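Reading through the structure tokens given below for one structure.
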Amino acid sequence: MKTPKIVKGDKIIKILVKKGYNVKSRKGSHVTLSNGEIRITLVLPLTTIGIFKKICKLTGISQEEFL
């Protein structure tokens, strides 16, 4: 599967919430999620592939689970 250049932030948030992350704050287009140990900030509506890959690495969730 080819990795897209941009990923929808809402889709990332939905998967992270299923994996135990909670939305801590939302200011404009920035959403911060945390599971108590790891804190992630996303920019909505779209997230670049570089940030997406960092989120995958940081959380241990595979790219396929997001896509």
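Throughout, read-outs are computed from the coordinates displayed, never taken from laboratory work. On a predicted model such as this, the values are computed, not experimentally measured, just so you know. Every residue, glycine among them, receives a Cβ derived from its backbone with ideal geometry; neighbour counts consider all protein chains shown.
Any idea what the dipole of the range 6-66 comes to, in debye rounded to 20, about its Cα centre with Lys/Arg Cβ at +1 and Asp/Glu Cβ at -1?
Taking the Cα centre of the range 6-66 as origin, the dipole is about 140 debye.
Among 33, 63, 12, which residue has its Cα positioned farthest towards the positive end of the charge dipole of the range 6-66, with +1 placed on the Cβ of Lys and Arg, -1 on the Cβ of Asp and Glu, and the dipole taken about the Cα centre?
33
Which GluC sites (Glu not before Pro) from the chain combine a DSSP loop assignment with at most 13 other Cβ atoms within 10 Å?
Passing both the DSSP loop test and the Cβ count: 37.
Can you tell me the relative contact order of the chain? Whole percent, Cα pairs under 8 Å, sequence separation 6 or more.
In percent, rounded to a whole number, it is 33.
Compute the helix-to-body angle for 49-59: its Cα long axis versus the longest principal axis of the chain, expressed 0 to 90° and rounded to tens.
60 degrees
If you scale each eigenvalue of the Cα gyration tensor by 5 and take the root, what three semi-axes come out for the chain, rounded to whole angstrom and sorted largest first?
Equivalent ellipsoid semi-axes, largest first: 18, 14, 10 Å.
Between 0 and 90 degrees, rounded to the nearest ten: what's the tilt of helix 9-18 against the longest Cα principal axis of the chain?
Helix 9-18 and the main axis of the chain meet at about 70 degrees.
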